[in-house]
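Heads up: the structure comes next, in structure tokens.
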Amino acid sequence: MIKSLTGRLAMRMVIEQLPLAAPFRIAGYTWESVDVLVIHLEKDGCVGSGEAAGVYYKGDRPQSMMSQLEVLRAKIEEGITHESIRALLPPCGARNALDCALWDLAAKLTGCPAWRTAKLDTPRPLLTTFTCGVDQPKTMAAVARSYEGARAIKVKLDGELVDVERILAVREARPDVWLGVDANQGFSRSSLETLMPILVECKVALIEQPFPVGQESLLDGFESPIPIAADESMQSLADIPGLSGRFDVINIKLDKCGGFTEGLEMVHTARRLGFGVMVGNMLSSSLAMAPAFLLGQLCDIVDLDGPLFLRSDRKNAIEYVEGLARCPPDLWGYAL
């Protein structure tokens, strides 16, 4: 991490609306477009950029994120570090966009790419999941088949009885892939118990966030033959210790935890406590995926397919080839 960045910065912010190629549905929400906040930090002729969509179920939206940062503009433009950003802002989308913009700016100012500063190995292509949003079983099966090169697919479910047909249809369409399911808090204990034999039959490898936040105790005494991942129940570094004994995997999203800096700490803390680690994403562009892609170098499960749902992406976009995500080196966090 950059230790200090003395001297004034200039901060520019813009909210962009990114239309989706088709409506995307999960339990309780449907999107036709997504708004994102893009931050540009400029110093000595170099510009670093970061993007965040926020955390929709917490009311963390680009407009409110922009307002948060506008209040702090003077302090930010006086000069910041990753640690001072964490002191100024709680875990949220605003902090994520600002932290990632600083990582990008530091790479350009120092000539050292972000992956090297973060003490990672040279980034490699990552196997990523491809998502089937909640829909009719036949439609979800068709979506699964459309991911021709996919080696891993994540199926969104909502706790309704039709979930049985959905998972059977997707597995029949794609018998060859790693398969996970994501309830987005949509299950009850009884609906999960009813569905579990089908999940086992279909060789589902992961169940993500089955129960609503605040109802994690439903997992007490629940012996699942399939690993269970915390998403909405796990926001930031401080939440990890309290998940022991209930969850097997934590899903890190940079918008939730507030940036690449905290994401790195979360990976190491989770490993120390015996959790598997997953990196996920909100619907957003390749600019938001790039720092998550670096974090994914340390993760067991990678879910970074958000840009595939957009009508159009950034110029230097992540490429998805044969089930792998490949991030161009000049997208984010690179040296000029």
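Coordinate-derived values only; no laboratory data. This one's a predicted model, so the numbers in the text were calculated from it and none came from an experiment. Positions of Cβ are backbone-derived with ideal geometry, glycine not excepted, and every protein chain shown enters the neighbour counts.
Among Glu42, Glu201, the ranking by other beta carbons within 10 Å of each residue's beta carbon, starting with the fewest, stands as Glu201, Glu42. Maximal additional length on extending the Lys75-Leu168 stretch stands at 28.1 nm, based on 0.36 nm per residue less the C-alpha distance. Convex hull volume of the C-alpha atoms in region 179-234, normalised per residue: 69 Å³.
Taking amide H as placed 1.01 Å from N in the peptide plane, Tyr334 has its amide H under 5 Å from the amide H of Ala114, each at least 5 places away in sequence or on another chain.
Each residue, Ser244 and Arg116, gets one label point 7 Å from its Cα in the Cβ direction; the gap between the two is 3.8 nm.
Each Lys and Arg adds +1 at its Cβ and each Asp and Glu adds -1 at its Cβ; summed about the Cα centre, region 174-312 shows a dipole of about 200 debye.
Taken one residue at a time, the phi angles of region 77-87 give Karplus couplings (6.51, -1.76, 1.60, θ = phi - 60°) of 6, 6, x, 9, 10, 4, 6, 5, 4, 5, 6 Hz. Gly and Pro are set to x.
Stokes-Einstein at 4 °C, 1.567 mPa s, Kirkwood radius from Cα pairs: D for region 221-310 in µm² s⁻¹?
Rounded, D is 98 µm²/s.
Bridge orientation summary for the chain: considering DSSP beta bridges with both residues in this region, about 55 percent are antiparallel.
Thr139 to Ser84: FRET efficiency via 1/(1 + (r/R0)^6), r the Cβ-Cβ distance, R0 41 Å, to the nearest 0.05? After rounding, the FRET efficiency stands at 0.30.
Please arrange Met196, Met289 by how many other C-beta atoms lie within 10 Å of their C-beta, fewest to most. Don't skip to the end; give the middle numbers.
Numbers: Met196 16, Met289 29.
Ascending Cβ contact count within 10 Å gives the list Met196, Met289.
Going from the fewest other Cβ atoms within 10 Å to the most, the residues Ile226, Ile167 appear in the order Ile226, Ile167. Quick one: angle between helix 93-110 and the longest Cα principal axis of the chain, in degrees between 0 and 90, rounded to 10, please. Compared with the principal axis, the helix lies near 50 degrees. Working from Cα pairs under 8 Å separated by at least six residues, relative contact order for the chain is 20 percent. Measuring between alpha carbons in the structure, the pairs from Lys108/Lys253; Lys43/Lys154; Lys43/Lys253; Lys119/Lys256; Lys138/Lys256 lying more than 31 angstrom apart are Lys43/Lys154; Lys138/Lys256. Taking a ≥ b ≥ c as the square roots of the eigenvalues of the alpha-carbon gyration tensor, region 289-336 is classed oblate because a/c is 1.5 or more while a/b is no larger than b/c.
Over all Cα atoms in the chain, the spread is summed up by Rg and Dmax: 19.5, 60 Å. Within region 126-326, DSSP assigns beta bridges of which about 20% are antiparallel (rounded to the nearest 5). Taken over region 1-143, the convex hull of the Cα atoms encloses 136 Å³ per residue. Taking a point 7 Å from the Cα of Val213 along the Cα-to-Cβ direction, the residues of region 251-282 with backbone N closer than 13 Å to it are 253, 255-258. For region 212-293, the list of GluC sites (Glu not before Pro) that fall in a loop by DSSP and count at most 13 other C-beta atoms within 10 angstrom reads Glu223.
With Cα atoms defining each centre, region 53-72 and region 244-314 are spaced 19 Å apart in the structure. With the Cα gyration tensor of region 142-298 giving a ≥ b ≥ c as the square roots of its eigenvalues, does the rule (a/c under 1.5 for rounded; else a/b larger than b/c for prolate; else oblate) give rounded, prolate or oblate? Here region 142-298 falls in the oblate category. Note on the chain: dipole from Cβ charges, positive end direction compared against Gly214, Leu287, Leu161; the farthest Cα belongs to Leu287. Give me the distance between the Cα centres of region 168-233 and region 121-151, rounded to whole Å. Taking the Cα centre of region 121-151 as reference, the centre of region 168-233 is 17 Å away. Relative to the Cα centre, the charge distribution of region 182-257, modelled as +1 at Lys and Arg Cβ and -1 at Asp and Glu Cβ, gives a dipole magnitude of about 40 debye. Rounded to the nearest 20, the size of the Cβ-charge dipole of region 10-115 about its Cα centre is 200 debye, with Lys and Arg at +1 and Asp and Glu at -1.
Considering only Ser84, Leu273, Pro241, the residue lying farthest towards the positive end of the dipole of the chain is Ser84, judged by Cα position with unit charges set on Cβ.
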